[in-house]
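Trainee: I'd like to ask some things about the structure below.
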């Protein structure tokens, strides 16, 4: 047995790095789908750039006070609408200027990160759980169960996403981060259900599933140990890309006056305020927009990188 | 094929009822009362309120309200009346839908032509410079939220260059609708380009393409007929569901350019709790969406002869 692993290791190394001395490398195990994907990801510049960006965004969201000493809610009307003109003011708390009420645009940018990320991450988690579960059940059991779940999914899918969330949000007079999360998750899960269902149907027919069944494995074991790990790849890709979309959706709803509202601090709230003053002062609108776009970009790039790693056929 | 269409049409029935019921329940469970809203802050005596509510059938149990509503639409094509203005909702919809329909149509043409063009260019040169440029361009378009893009276009082309008017007039001409259409279609354009690119790059290695090349067919025929037909299937799926999304997604675009279309109507009726109007808009959107996805499935058989419907 040890001999066999040795030869396998040797061929694998020959393929990947034929010139490298064999002794210098750690013996490699036969890699799984996820191991392969990880090896791929580490070399992908899109993955590296986006994960560095996301790391910083998470850091800002968790410890905003590390990045600015200014208070995002403190307005000083003396500074109203003024933009710091002199160069070299980077590092000062107000280097991006002030908004209509004399609050530091930079401080609001930093403190707004948390709301956007909480909404997006929570919606993605809920949607992935609900969609993953319904899709799994639908795809695995098929028949009547599948027909019922699929029709319910169709019903929710038929309502335009933005429109549906607008209606849900109207039901709340007191809108917080959690109401926005609820509104987006309410209609968002259908996409994941469809993806999961498709993946499970494909995986279900694989030989190893038949083998597990023949060996007498129970339904929960087959679903969790054999089907789930192999059907998860497309769901993770779609979830990551959707996360970027939810950040944009929160901002859009806030812009329409239906999402978060002042005194909550979020990029959408500030963009909405800035859009009323676009002809007087563009910087109030521009900086949160740039921040928003960079964040969405980071998550979409991450999703793309993961997709490439998990599905080499697409390259 | 006939049987397949019949089965699909039958499947559409529960989805139609389910979706309209869901949106109906959502709208009617909203706090606030459209009739009380007529009288503003002054308030109204309970007798008048009850009388008006009775006239509009708002005092019936919900399931009965839903049944009255949906049967009027199905059997008489009657969507009811707007409570505030007393106008027939069919008239209100008749004013709003053509405007949004024109924007959506323009947006659709833009995403079809540009999206397919960019996608084909990138797919045929996968991994080359063009491919990377298209990748970066589409990533940027996807990352910039629609309303930000709207503001950028409005600021640059209306305020700074003066090429377009910042607000669209009440009876807009086609050229006025171009800017909102570009904004509305941009996101889908990026998706179409990416889908086309992926699909073409993948099918370029397919056996039937190799066969076509080996037979000595001219390049134009290999790409135009053999490659395109199969590669267009995922794109067609996306475009089909996108028609409904374009109409519904017009809320933001229409607000930025001040268009009097479906988006504005949705926003107003939501604010005023005009449930009947809102449900009417969504009902039409759902029908459009259902028909478009049926059309797409039928198109599959045309695009890929390997797909046969029993």
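We did not get these values from a lab; they are worked out from the coordinates using the rules stated. Predicted model only: the values in this text are computed from it and were never measured. Neighbour counts are summed over all protein chains in view; Cβ atoms, including those assigned to glycine, are modelled from backbone coordinates with ideal geometry.
Trainee: Compute the helix-to-body angle for B:2-28: its Cα long axis versus the longest principal axis of chain B, expressed 0 to 90° and rounded to tens.
Mentor: 40
Trainee: So if I average 1/r over every pair of distinct C-alpha atoms in segment B:242-310 and take the inverse, what Kirkwood radius in Å does that give? Don't jump to the answer; show the numbers that get you there.
Mentor: On the way: mean 1/r = 0.0725 Å⁻¹.
Across segment B:242-310, the inverse of the average 1/r is 13.8 Å.
Trainee: What would the Debye equation give as log₁₀ I(q)/I(0) for segment B:95-188 at q = 0.20, 0.22, 0.24 Å⁻¹, counting only Cα atoms as equal point scatterers?
Mentor: -1.02, -1.12, -1.21
Trainee: Separate question: For residue B:95 and residue B:132, what does the FRET efficiency come to when R0 = 60 Å and r is the distance between their Cβ atoms, rounded to the nearest 0.05?
Mentor: Numbers: r = 46 Å, r/R0 = 0.77.
Efficiency at R0 = 60 Å is approximately 0.85.
Trainee: Mind checking the alpha-carbon convex hull of the protein assembly as shown and giving the volume per residue in Å³? Spell out each step's value before the answer.
Mentor: Details: hull volume 138.9 nm³, N = 625.
Cα-based convex hull of the protein assembly as shown, divided per residue, equals 222 Å³.
Trainee: Test of understanding: extend the Cα→C-beta vector of residue A:311 to 7 Å, then name every residue of segment B:178-198 with backbone N under 18 Å from that spot.
Mentor: Taking a point 7 Å out along Cα→Cβ of residue A:311, the residues of segment B:178-198 whose backbone N falls under 18 Å are B:190-198.
Trainee: Where does the Debye-calculated log10 I(q)/I(0) of segment A:175-315 sit at q = 0.21 Å⁻¹, using only Cα point scatterers of equal weight, no solvent?
Mentor: Rounded to two decimals, the profile gives -1.19.
Trainee: Related question: In degrees between 0 and 90, to the nearest 10, how far off the longest principal axis of chain B does helix B:89-110 point, with axes built from Cα atoms?
Mentor: On a 0 to 90 degree scale, this one is about 20.
Trainee: Note down the relative contact order for segment A:134-199 as a percent, whole number, built from C-alpha pairs under 8 angstrom at least six residues apart.
Mentor: Details: 51 pairs, mean separation 34.2, N = 66.
For segment A:134-199, the relative contact order is 52 percent.
Trainee: Moving on. For segment A:214-289, just the Cα atoms, rotate onto the principal axes and tell me the three extents in Å, largest first.
Mentor: Principal-axis extents of segment A:214-289 (Cα, largest first): 73, 20, 15 Å.
Trainee: Something else about it: Average partner chain C-beta neighbours within 10 Å, per residue of B:246-258?
Mentor: Shielding by partners across B:246-258 averages 3.
Trainee: Still on this structure, please answer the following. How far is it, in nm, from the label point at residue B:109 to the one at residue B:47 when both lie 7 Å from their Cα along the line to the Cβ?
Mentor: Result: 6.0 nm between the two label points.
Trainee: Taking 8 Å as the Cα distance limit and 6 or more residues as the minimum spacing, I'd like the relative contact order of chain B as a percentage.
Mentor: Values: 333 pairs, mean separation 77.8, N = 310.
With pairs under 8 Å counted, the relative contact order is 25 percent.
Trainee: Nearest 500 deg cm²/dmol is fine: what mean residue ellipticity at 222 nm does the protein assembly as shown get from its DSSP H runs of n ≥ 4 alone, each adding -39,500 (n - 2.57), divided by its residue count? Present the calculation step by step, with values, prior to reporting the outcome.
Mentor: Working: 25 runs with 420 residues, N = 625.
Helix-only estimate at 222 nm: -22500 deg cm²/dmol.
Trainee: How big is segment B:57-134 on each of its three principal axes, counting only the C-alpha atoms and giving the largest first in Å?
Mentor: Its Cα atoms span 66, 26, 22 Å along the three principal axes.
Trainee: Would you mind checking the tilt of helix B:46-55 against the longest principal axis of the Cα atoms of chain B, expressed as 0 to 90 degrees and rounded to 10?
Mentor: In chain B, helix B:46-55 runs at an angle near 50 degrees to the longest axis.
Trainee: How much length is gained if the chain between residue B:160 and residue B:6 is pulled fully straight, taking 0.36 nm per residue apart and subtracting their Cα-Cα distance, in nm to one decimal?
Mentor: Working: separation 154, 0.36 × 154 = 55.44 nm, distance 5.48 nm.
Between residue B:160 and residue B:6, full extension yields an extra 50.0 nm.
Trainee: Right, here's the next one. Counting residues in chain B as N, plug N into 2.2 N^0.38 Å and put the Cα Rg over that result. Walk me through the intermediate numbers first.
Mentor: Numbers: Rg = 23.7 Å, N = 310, 2.2 N^0.38 = 19.5 Å.
Taking N as the residue count of chain B, the ratio is 1.22.
Trainee: Using only atoms on other chains, find how many Cβ atoms lie within 10 Å of each Cβ of peptide A:244-254 and report the average. Don't skip to the answer; put the middle values down first.
Mentor: Working: counts 2, 3, 0, 2, 8, 1, 1, 4, 7, 1, 0.
What the average comes to for A:244-254 is 3.
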